[in-house]
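The values are calculated or read from the model by the stated rules, or taken from the named source; none is laboratory data. Remember, it's a predicted structure, so these values are computed and weren't measured experimentally. With ideal geometry, Cβ positions are generated from the backbone for all residues, glycine too; neighbour counts draw on all protein chains shown. Ligands, DNA and RNA are stripped out before the accessible areas are found, and what is left, the full protein with its side chains, is counted by its heavy atoms. Shrake-Rupley method; radii C 1.70, N 1.55, O 1.52, S 1.80 Å.
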Amino acid sequence: MRTIRRLDVFLLKTFLPLFLMTFGICLFIFLMQFLWKYVDEMVGKGIEIHILAELFFYAALTFVPQALPLAILFASLMTFGNLGEQLELLAMKASGISLMRIMRPLTVFLIFVAISAFFFQNNVIPVSQVKMYTFLYSVKQKSPELDIPESIFTEINRKNIYVRKKDKKKSLLKEVMIYDYSEGFNNVSVMVADSGRLKTSVDKKFLILTLYSGESFGNLKGNNRKAKNAQDAVPYRRETFDTMEMLIEFDGNFSMRDESLFQGRYVGKNIASLQHSIDSMTVRIDSIKEVESKALYTQSYRKTLAPQPQTKTDGETEEDSPAVKKNAINFDSLYRAQEPVMKASFLSYSKRSIDNLLMNYGMKSETLRIEEKEIRWHHTEMHRKFTLSFACLIFFFIGAPLGAIIRKGGLGAPAVISVLLFVVYYIIDNIGYKMARDGVWLPWEGMWLSSAVLLPLGIFLTHKAVNDSVLLNAETYIDAIKRFIGKRELRKIEKKEIIMEHPDYAALTVRLRQLRDSCREYLARHKRWLHYLRFWKQGGADYEAEGIAHEIESVVQILENSDRNQVLNKTMDFPVIKNFHLANFTIRPKAGIALAIFFPAGGLIYLIAVYRRKLLRQDIKTTIRICDEMVEIINDK
């Protein structure tokens, strides 16, 4: 028991530093992504450092649920990869401790992390999101720092300012021209100056423009209204000045907007508030639909022209009685009885009524569509609070078994695998979110799509890791590819120092000749191309090749006891035949015929079998040659 407790403490001490490190890295990456996305809104506005720091603090809190699953995946991969690479995991298993028992302390710890992440999502994230979006909106609304370019008119508070050249060393504007139309286009005033300087007031609410050696022109206010016609002269004024100062309204301070703008949105609500809003909006939408459907039915000609059925004393109607059907109004007959002018009038009136109805109900349907979209957003936000917490456990049961299988530690391979898996998760999660947001899928289907895809992967990897599978061992796949393309496994035989039983070369010669004859008969009976239906009727099995392979292994087992180097060297040339079944599986004859006829995959399997038959014939030809050479070596003493 004491050893187990030490093991639990050791695993937690190994995992926690890696988890904190990877969490910091992942959070930093998400913050950099946030910065790149909104950098255009922040640059050039003179925002103070403490405001940006507060914005990034709330953004960091908002990105915690997204960085947490990636950090768990990364840390679990590194932890178990390091344990496997340093053979510590092998030592634990050799002591009789299973992989699930090794993962138990980290599983318990991450369950608490997932529960804490859920409460963090429910209580902290709504506040941080409201703060973050309020800061972003306030930053977007802030006026930029003034920077008047050269040779371009710049509008500031209904004043167009033109500067031909700027002397940055002396902070001087040269050849300044100002068109002031704040009093209207009929009272435009123009100022021209040789130079000027521009600065901001202390409270950053005004721009102070100082002009040197200039003139101003402008119509006298109100005099242009007294002119009787366009030919009358309009008096104007002209001023010459050496120095003039102008105050231009320009609010350069940062003002925080009201948080109530985002508190009513789904991003600023916890589960209780989301559920309350969903219930309220659902009741309102259902009421609107019921009222509008009754109004639409009342306005239809079917309702207004059809006679109302009489009600019996017991509550039953007489809608289907002959008297009601007899008194029913026939709209078509009434229309045909009218004059052509009246018919055209009726049609025109009907078309206008239908267009008005379409416009009216089109606007109402758009309102309902917006309301239903808001409900879907509330649903997706409510499910997200659960899915991100559940993703923490899923990524642990993906990362830990994967690290135990690949046995690679450090930052290289775990970082690549973690990023690839998280990109797949992010793509699937975004697809599900957009499907749920647009109403293509139900909200719970879209939001739980990523969990439904990755959970089987985690179960599969955990099962393979518990059973010490070579699922991700590159040599396994390389050997399979070599066997498929025809590169066979080479035999390795070493001379034995002590031989208990020497081979009987006379009897062995007879067996080698029999094996050679069997191989020749096989080549004579089995050509390269197979009969399609016969192949499937046999179920892909080749029992003659299986018998030849067993005979080769039996002969090789005897020859391994030889003390002659030539015999041992030649024995290593015998091919290793393992593909007895040409299709890599066997099935019953009836099922094989059905697969050959009704399923297109039968043709592909048949072509693979033909290729395997070619490789098998090459091995058998090699066996014939080796048998002849071995007989010559044995007889040549």
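Numerical summary
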{"item": "Label-to-label distance, nm, for residues given as I208 and D242 (7 Å Cα→Cβ offset)", "result": "2.0"}
{"item": "Heavy atoms of K199: accessible area, 1.4 Å probe, square angstrom to 10", "result": "120"}
{"item": "Cα gyration tensor shape of the stretch 345-470, rounded if a/c is under 1.5, else prolate or oblate by comparing a/b with b/c", "result": "prolate"}
{"item": "Radius 15 Å from Cβ of I498, net charge of other residues (Lys, Arg +1; Asp, Glu -1)", "result": "-3"}
{"item": "Efficiency of FRET from Cβ geometry, T200 and E54, R₀ 41 Å, rounded to 0.05", "result": "0.95"}
{"item": "The stretch 386-428 - Rg over Rh from alpha carbon coordinates, Kirkwood radius", "result": "1.00"}
{"item": "Across K495/K570; K408/K578; K13/K385, pairs whose alpha-carbon gap is larger than 22 Å", "result": "K408/K578; K13/K385"}
{"item": "Point-to-point label distance, E215-E553, nm (Cα→Cβ direction, 7 Å offset)", "result": "11.1"}
{"item": "M191, M132, ranked by accessible area, largest first (probe 1.4 Å)", "result": "M191, M132"}
{"item": "Gyration tensor (alpha-carbon) shape descriptor, the stretch 1-97, a/c threshold 1.5", "result": "prolate"}
{"item": "Contour minus Cα-Cα distance for I288 and V43 (0.36 nm per residue)", "result": "83.6 nm"}
{"item": "In nm, spacing of pseudo-spin labels at T509 and L523 (7 Å Cα→C-beta vector)", "result": "2.3"}
{"item": "Accessible surface of the stretch 47-105 [probe 1.4 Å, protein heavy atoms]: carbon and sulfur percent", "result": "65"}
{"item": "Stretchable slack from Y349 to V188, in nm (0.36 nm times residue separation minus alpha-carbon distance)", "result": "52.7 nm"}
{"item": "Stretchable slack from V9 to V424, in nm (0.36 nm times residue separation minus alpha-carbon distance)", "result": "146.1 nm"}
